[in-house]
1. Taking 0.36 nm per intervening residue step and subtracting the Cα-Cα distance, what contour gain separates residue 215 from residue 106 on full extension?
2. Mean projection of the alpha-carbon convex hull of segment 9-225 over all orientations, in nm²?
3. How would you classify segment 102-147 from its alpha-carbon gyration tensor, with a ≥ b ≥ c the square roots of the eigenvalues: rounded for a/c under 1.5, else prolate if a/b is greater than b/c, otherwise oblate?
4. Cα-Cα pairs above 18 Å in segment 206-263: how many percent?
5. Roughly how many whole Å is it from the C-alpha centroid of segment 259-312 to that of segment 207-224?
6. For helix 9-37, what angle does its Cα long axis make with the longest principal axis of the chain, in degrees from 0 to 90 and rounded to 10?
7. Under 1.5 on a/c is rounded, so check that first for segment 272-312, then, if it is not, pick prolate when a/b is larger than b/c and oblate when it is not; a ≥ b ≥ c are the square roots of the alpha carbon gyration tensor eigenvalues.
8. Return the single residue from 244, 193, 259 with maximal mean-square fluctuation; model: Gaussian network over the chain, springs between Cα atoms under 10 Å.
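Just so you know, all these numbers are worked out from the coordinates, no wet-lab data involved. All values reported here derive from a predicted model rather than from experimental measurement. Quick reminder, even Gly has a Cβ in these numbers, built from the backbone with ideal geometry, and neighbours come from all protein chains shown.
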């Protein structure tokens, strides 16, 4: 998988905070509506909001920890810690949100009951929640549009090096769709008097959260394993290395993202056989400067000089 979209920390943080504030308020109202009405869809949605709120706290915490300075034990810093917390988010969403909703749906199918008290309170709460989640989703879309460029939404989610905005986008989308499922389930239960509709809405919410959690886990796993620079960055780095008289060619090169905004570059470069050590050293310094100018996120650079021998 090749990822080509970065994101500023400020942009991701703004979307996370907006989602966190919306989810905390929504979770409280959903719990009140569940306590008064007994709707399983409302309980599933309340737990969903709690899981989302916890996830946003995890993303903020991971972003803060990733900013720590490098240490002798971790000489390349802690930038990839953001990926770890994004992976934890997928686990929380799967277990706390998805599996709980599926369990609650199973229980409700075994003992279906209608909504007999505060009948229309859940509907009111769900409509208000849809409005609030829409504002949160709108913020995430605006922040994502600022960095995704010409990439489609699917490409943005799959290729973004910074995990926060894709996570928030999928969470907000899942929240909106889940609210629609809950609204349908609750409304049909009120109309028909059958608790099976409420159980069905709860089941759909659980399946939705499980699918989103699996997608997030798969996308984040690739980042955790370590991804190379994008094709565009690789070409720009290679051009920067050879765009000077000091280097004849790039023999081979490897790149690795140490974090969303930090790239490691290691390359073996061909220098002229008659150059002195001083000339080689100055040539390497010049090539490194060109790399940093062409690709500013190339923070750690190792260039190994060698003599290129034409095979054959």
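1. Working: separation 109, 0.36 × 109 = 39.24 nm, distance 2.39 nm.
In short, 36.9 nm is gained.
2. Details: hull surface 47.6 nm².
The Cα convex hull of segment 9-225, projected and averaged over all directions, gives 11.9 nm².
3. Oblate is the answer for segment 102-147, as a/c is 1.5 or above yet b/c matches or exceeds a/b.
4. On the way: 881 of 1653 pairs.
Considering segment 206-263, 53 percent of its Cα-Cα pairs are separated by more than 18 Å.
5. Their Cα centres are 37 Å away from one another.
6. Orientation of helix 9-37: about 20 degrees from the principal axis.
7. The shape class here is oblate.
8. 244
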